[in-house]
Amino acid sequence: GAVVSQHPSRVICKSGTSVKIECRSLDFQATTMFWYRQFPKQSLMLMATSNEGSKATYEQGVEKDKFLINHASLTLSTLTVTSAHPEDSSFYICSARDPPNTEAFFGQGTRLTVV
Amino acid sequence: KQEVTQIPAALSVPEGENLVLNCSFTDSAIYNLQWFRQDPGKGLTSLLLIQSSQREQTSGRLNASLDKSSGRSTLYIAASQPGDSATYLCAVTGGYNKLIFGAGTRLAVHP
């Protein structure tokens, strides 16, 4: 299957700082990427849909000013957690597929810990 | 609003057993259904994809069925092995290209 690479796999940051997570589709172009958040022993919650060349679409309840998404090219989307707080600590995973509604492929995930 | 439910939430079996994991969804207007495996602290590995027009898909010891009209899918694992221990997630693609997940089934296969 297609490969989606996510970086970093783990990050620890201080409260109040910002953290950027990258998601790349290595062998295909993805006009749309998705960002999910996962709490321990829970399922994946869709945060936002990242659209190449346009603004991201956020799910209800997700703060767009805290979770900044940029999809500058067909192979790269970034999620920036701004002014991070301990409650933002979680597992973040990206997904990509192209064309729409086909098989989805996921990155390895990023474990964010805010101290 | 699409809701996906997986039963059971957890399962512990001895090696060699055949298993059935269940997934149900409330809105039958889906493009496809996908089964994933997730190991602790890791990302997701796609196991099987069933298009809405299909009834089942097979890969090795895995077989997934889809009954779109009743909103149900099952994942059948034959001759389970300790290496099959993981969380299995079911997800459906509905409107707006979104993938909606169930809570998963945590499977433990012991020798």
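What to note about this one:
- With respect to the conditions (1) within 14 Å of chain A (Cβ to nearest Cβ); (2) open to solvent by 10 Å² or more (accessible area, probe 1.4 Å); (3) closer than 21 Å to B:Glu3 by Cβ; (4) in a strand (DSSP E or B), B:Tyr96 falls short on a single one, namely (4).
- Residue check, A:Gln60 over 11 Å from the mean Cα position of the chain (by Cα), surrounded by fewer than 21 Cβ atoms within 10 Å (Cβ to Cβ) and within 14 Å of chain B (Cβ to nearest Cβ): yes
- Residues of segment A:78-110 satisfying the condition of being away from chain B (no Cβ under 14 Å) and part of a strand (DSSP E or B): A:Thr78, A:Leu79, A:Thr80, A:Val81
- Residues being over 10 Å from B:Ser24 (Cα atoms) and crowded, with 17+ Cβ neighbours inside 10 Å - total across segment B:67-84: 4
- Within segment A:80-95, considering residues that are small (Gly, Ala, Ser) and in contact with a strand residue (DSSP E or B) (Cβ under 6 Å, 6 or more places away or on another chain), the one most open to solvent (accessible area, probe 1.4 Å): A:Ser89
- Residue pairs meeting the criteria (Cβ under 8 Å; at least 6 apart or on separate chains; first on the phi > 0 side of the Ramachandran plot, in segment A:20-37; second surrounded by fewer than 19 Cβ atoms within 10 Å (Cβ to Cβ)): none
- Selection status of B:Gly41, within 28 Å of A:His7 (Cβ to Cβ), at the interface with chain A (Cβ under 8 Å from one of its Cβ atoms) and touching a Ser or Thr at 6+ places or on another chain (Cβ under 6 Å): no
- Put simply, of B:Arg61, B:Arg106 the only residue that is of a type in the set (D, E, K, R), open to solvent by 60 Å² or more (accessible area, probe 1.4 Å), within 30 Å of A:Pro40 (Cβ to Cβ) and away from chain A (no Cβ under 14 Å) is B:Arg61.
- Total residues in segment A:63-75, condition open to solvent by less than 40 Å² (accessible area, probe 1.4 Å) and in contact (Cβ under 8 Å) with a residue 24 or more places away in the chain: 3
- Residues of segment A:96-115 classified as among the hydroxyl-bearing types (Ser, Thr, Tyr), in contact with a strand residue (DSSP E or B) (Cβ under 7 Å, 6 or more places away or on another chain) and at pLDDT below 95, total: 0
- In segment A:27-50, the residues that are open to solvent by 30 Å² or more (accessible area, probe 1.4 Å), more than 12 Å from the chain's Cα centre (by Cα), within 12 Å of chain B (Cβ to nearest Cβ) and of a type outside the set (D, E, K, R): A:Thr31, A:Phe39, A:Pro40, A:Gln42
- Looking at B:Arg72, B:Arg37, B:Arg55, just one residue is touching a helix residue (DSSP H, G or I) at 6+ places or on another chain (Cβ under 9 Å) and free of Cβ contacts under 8 Å to residues at least 60 places away in the same chain, and that residue is B:Arg37.
The values are calculated or read from the model by the stated rules, or taken from the named source; none is laboratory data. Please read these numbers as outputs of a predicted model, since none were measured by experiment. All Cβ positions, glycine included, derive from the backbone under ideal geometry; neighbour counts span all protein chains shown. Ligands, DNA and RNA are excluded from the accessible area calculation, which covers all protein heavy atoms including side chains. Shrake-Rupley method; radii C 1.70, N 1.55, O 1.52, S 1.80 Å.
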